[in-house]
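Asker: One structure, pasted below without further comment.
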Amino acid sequence: MCIRDRDNVEIEEDSLMELLSDSLRKKVLIEVNGRFLAGWEVMQNTFGKEFLSALTLYIKEKTFTPEETVYVVGDSNILLFAIASGGVEQWVEQTNSRLKVLAKGEYFGEWSFFTGSSYPESARAIGFANIFLIWRAEIMQLLESFPLDKEKFHLVKDELTFNNSFSLLRLKCPTCGEEHLFRDCRHVRYAPERSEFAAYYLICQRSFTRNFKRTFNRRLNATKQLYYIAKCAETYRESSNLREPEMQTAQLTSLNSGGAIPLGPSQRVGF
C-alpha cells in the first residue's frame, strides 16, 4: 500500500509508519487491519475480540507482480490470504489448468491455515495485486496467550480434518460446487465407494470359490512324488532288515575261514 502526494511521489507505508510513535502506529494498524478481519465472518464468529485485536498487529501486506506465484503445492510456509486489490488465480500445476479466479475482498488458503496441511493447489497473481498475509506460525504462538481461542481454533481444525465439514469456512469445490476439496472431487479424481467396492469383491470371491476346479499335473504332482519317495524308502528299509541276518551269517563264516568280511548295506560307505 502506498500514499501519493500532490507531486505523485510515492511514499512507502513502512517509511511513513516509522515516523509515528509506537502507540499511534499500533492504533493505525488496528484500524487498517481490523477492516480486513471485519469482513470475514468465520474469524468474527469464532474468536474473541481481544484475540482479533491482537491479531491485527500480525497482518502484513505484500504487492505481487503479474504472474507472480503466491504459493505452490507443497509449500512449508502456510499463510492466510485476503485480496486488498487486484486478482488471484488458483490453478493446478500438473495440468496447468485454471480452477478459480479470486477478486478483491475474497479470502483463500483457509483450509491449509487451519489444518496445517500443504496447499492442495497453486496460486498466482493476475496483474498487480495487493494481498494481506497472516503467517500461521505466528498465529500459533499468539494463541498460546489465549487458551479459549486456541481451543476454538482446534475445534475448527478437527471439523475439517476428521469430519470433512467445510460448511464453517463455506468452501466449495470449484468443479462441482459441493463442499469438498477439488482433489477429492469425483469429476477430477476417481474415488470409488468403499462399501460398493467391498461388496463387489465378495461377490467375485464367492463366484471364484464356487466355480474353482483343481487341476492335476501328472508330471509335476508334488503330492504323488512325495508318496513315491516314501514308498521307495520303506521298501529299502524292509529289504535291508531281511538281509541283515544273512549278512551276519556270512561274516561269521568268513571269520572262521579267515577270509574277508563282507559289509552289509548299512555298513557300506559310498564314494
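The values are calculated or read from the model by the stated rules, or taken from the named source; none is laboratory data. Being a predicted model, the structure only gives us computed values, none of them experimental. Glycine also receives a Cβ, built like all others from the backbone with ideal geometry; neighbour counts cover every protein chain displayed. Remember, those area values only see protein heavy atoms, side chains included, never the ligands or the DNA or RNA. Shrake-Rupley method; radii C 1.70, N 1.55, O 1.52, S 1.80 Å.
Asker: Can you run down the residue pairs with Cβ atoms below 9 Å, 6 or more apart or on separate chains, where the first is in the stretch 41-65 and without any contact (Cβ under 8 Å) to a residue 24 or more places away in the chain and of a type in the set (Asp, Glu) and the partner is surrounded by fewer than 18 Cβ atoms within 10 Å (Cβ to Cβ) and in a strand (DSSP E or B)?
Answerer: Once the first residue is without any contact (Cβ under 8 Å) to a residue 24 or more places away in the chain and of a type in the set (Asp, Glu) and sits in the stretch 41-65, no partner that is surrounded by fewer than 18 Cβ atoms within 10 Å (Cβ to Cβ) and in a strand (DSSP E or B) comes close enough.
Asker: Could you grab me the full set of residues in the stretch 130-167 that are of a type outside the set (A, V, I, L, M, F, W, C) and not in a helix (DSSP H, G or I)?
Answerer: Taking the stretch 130-167 first, the residues of a type outside the set (A, V, I, L, M, F, W, C) are 130, 136, 138, 141, 144-145, 147, 149-152, 154, 157-159, 161, 163-165, 167.
Hits for the stretch 130-167 are Asn130, Glu144, Ser145, Asn163, Asn164, Ser165, Ser167.
Asker: Given the condition of a type in the set (S, T, N, Q), open to solvent by 50 Å² or more (accessible area, probe 1.4 Å) and either touching a residue at least 60 places away in the same chain (Cβ under 8 Å) or in contact with a His (Cβ under 6 Å, 6 or more places away or on another chain) (or both), answer yes or no: does some residue in the stretch 93-109 qualify?
Answerer: Checking the stretch 93-109: not a single residue is of a type in the set (S, T, N, Q), open to solvent by 50 Å² or more (accessible area, probe 1.4 Å) and either touching a residue at least 60 places away in the same chain (Cβ under 8 Å) or in contact with a His (Cβ under 6 Å, 6 or more places away or on another chain) (or both).
Asker: Given Phe146, Phe128, which one is under 20 Å from Trp40 (Cβ atoms), of a type outside the set (Ser, Thr, Tyr) and in contact (Cβ under 8 Å) with a residue 24 or more places away in the chain? Before you say what the answer is, go through the steps one by one.
Answerer: Working: Phe128 fails: under 20 Å from Trp40 (Cβ atoms).
That would be Phe146, the only listed residue that is under 20 Å from Trp40 (Cβ atoms), of a type outside the set (Ser, Thr, Tyr) and in contact (Cβ under 8 Å) with a residue 24 or more places away in the chain.
Asker: Separate question: Are there any pairs with C-beta distances below 7 angstrom linking a residue in the stretch 152-169 that is under 15 Å from Glu110 (Cβ atoms) to a residue that is among the β-branched types (Val, Ile, Thr), with the two at least 6 apart or on different chains, and if so which?
Answerer: Lys152/Thr46; Val156/Thr46; Lys157/Thr115; Leu160/Thr115; Thr161/Thr115; Leu168/Val42; Leu168/Val156; Leu169/Val42
Asker: Return a yes/no flag: does the stretch 119-135 have any residue that is open to solvent by 20 Å² or more (accessible area, probe 1.4 Å), under 23 Å from the mean Cα position of the chain (by Cα) and modelled with pLDDT of 90 or more.
Answerer: yes
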